[in-house]
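Engineer: Can you read through this structure? Questions will come right after.
The values are calculated or read from the model by the stated rules, or taken from the named source; none is laboratory data. All values reported here derive from a predicted model rather than from experimental measurement. Here the Cβ positions follow ideal geometry from the backbone for every residue, glycine too, while neighbour counts run over all protein chains shown. Surface accessibility is based on the protein's heavy atoms, side chains included, excluding ligands, DNA and RNA. Shrake-Rupley method; radii C 1.70, N 1.55, O 1.52, S 1.80 Å.
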2 protein chains.
Amino acid sequence: MVNDPFKALSHPIRRGIVEQLAAGPAPVGEATAGFGVSKPAISKHLKVLEETGVVTRVVEGRTHWVSLEPEVLGEAADWMERQRALWGRLFDVVDEYLKEEGPK
Amino acid sequence: MVNDPFKALSHPIRRGIVEQLAAGPAPVGEATAGFGVSKPAISKHLKVLEETGVVTRVVEGRTHWVSLEPEVLGEAADWMERQRALWGRLFDVVDEYLKEEGPK
DNA sequence: CGGATCATTAACCATATGGTTAACAATACC
DNA sequence: GGTATTGTTAACCATATGGTTAATGATCCG
């Protein structure tokens, strides 16, 4: 995977930023308010989100506008759904197993 | 999040193990074959998967049976789908924005 | 120009992560 | 008992991660 959205989402602060951005593009300060860490810490999380392709940034004057990249996050969502589909089969396997065992 | 499935899924080998286990419970050696790393490395990945609640282990003789825990992975899948739903709205927001701008 | 504002970079630190080889543990088999 | 099989633990190493404070960049505004 070139973009690795799962790496991006592996920290709660970064998931929080993604949640904030779901409402639409926002300046850094707005998208990252309320996480209780310093600005440099935020800057680093944002950098990870950018490097993994989850967000993009447009600088406009002194404010940096940050936007979600749904396609990249979609890769993660798709993987999860593919897995979920397979778990369904897994339940069937377990069911069959229980059937073979017969009723108690 | 007490269980953090996203942390578990943040490494490609661990995602690979999850994929293998989607077919059903398997012994460690079977669930983790073909990743090109040493057994201790595998052991550690498995430990992470266990600690985050993504898999459970049952020891039977000298083979350790590993199983997926769909509920825990479901937390991650649900989060992704909630986000995906919000991205939908995001597209609408962008559409509205483009409408306001008017046709070129 | 000078100060306030928005945000990053630099330098540093502690701990986590991901890998290795070597040794160990426990069970299975002859 | 001796050896093969399955898997973990111990010790070690390099790099990544996540945080800090202090300094810097860049823009806006009076």
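Engineer: Select, from A:Ala85, A:Ala76, the only residue that is under 25 Å from B:Ala77 (Cβ atoms) and surrounded by 14 or more Cβ atoms within 10 Å (Cβ to Cβ).
Structural biologist: Selected residue: A:Ala76, the only one of A:Ala85, A:Ala76 that is under 25 Å from B:Ala77 (Cβ atoms) and surrounded by 14 or more Cβ atoms within 10 Å (Cβ to Cβ).
Engineer: Do we have A:Glu69 as open to solvent by 50 Å² or more (accessible area, probe 1.4 Å), of a type in the set (Asp, Glu) and either more than 10 Å from every other protein chain (Cβ to nearest Cβ) or under 19 Å from B:Ala77 (Cα atoms) (or both) here?
Structural biologist: no
Engineer: Can you work out which of the residues in the range A:18-29 that are open to solvent by 30 Å² or more (accessible area, probe 1.4 Å) and assigned to a helix (DSSP H, G or I) is nearest to the other protein chains (Cβ to nearest Cβ)?
Structural biologist: By that ranking, first place goes to A:Glu19.
Engineer: Here is a further query. List the number of the failed condition for A:Val58; all other conditions in (1) within 17 Å of B:Ser10 (Cα to Cα); (2) open to solvent by 20 Å² or more (accessible area, probe 1.4 Å) hold.
Structural biologist: (1)
For (1) surrounded by fewer than 19 Cβ atoms within 10 Å (Cβ to Cβ); (2) away from every other protein chain (no Cβ under 14 Å), each residue gets a yes or a no:
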residue: A:Ile13; (1), (2): yes, no
residue: A:Gly16; (1), (2): yes, no
residue: A:Ala31; (1), (2): no, no
residue: A:Gly36; (1), (2): yes, yes
residue: A:Ser43; (1), (2): yes, yes
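Engineer: Scan the range A:36-89 for residues that are away from DNA strand C (no atom under 11 Å from the Cβ) and hydroxyl-bearing (Ser, Thr, Tyr) and jot them down.
Structural biologist: Residues satisfying the conditions are A:Thr52, A:Thr56, A:Ser67.
Engineer: Return the pair list, or none, for Cβ contacts closer than 9 Å from residues in the range B:65-82 that are free of Cβ contacts under 8 Å to residues at least 24 places away in the same chain to residues that are open to solvent by less than 10 Å² (accessible area, probe 1.4 Å) and of a type in the set (Val, Ile, Thr), at least 6 apart or on different chains.
Structural biologist: Correct list of pairs: B:Glu69/B:Val54; B:Glu69/B:Val55.
Engineer: Please give the number of the condition A:Val59 fails out of (1) among the hydrophobic types (A, V, I, L, M, F, W, C); (2) near DNA strand D (Cβ under 8 Å from one of its atoms); (3) in contact with a helix residue (DSSP H, G or I) (Cβ under 9 Å, 6 or more places away or on another chain).
Structural biologist: (3)
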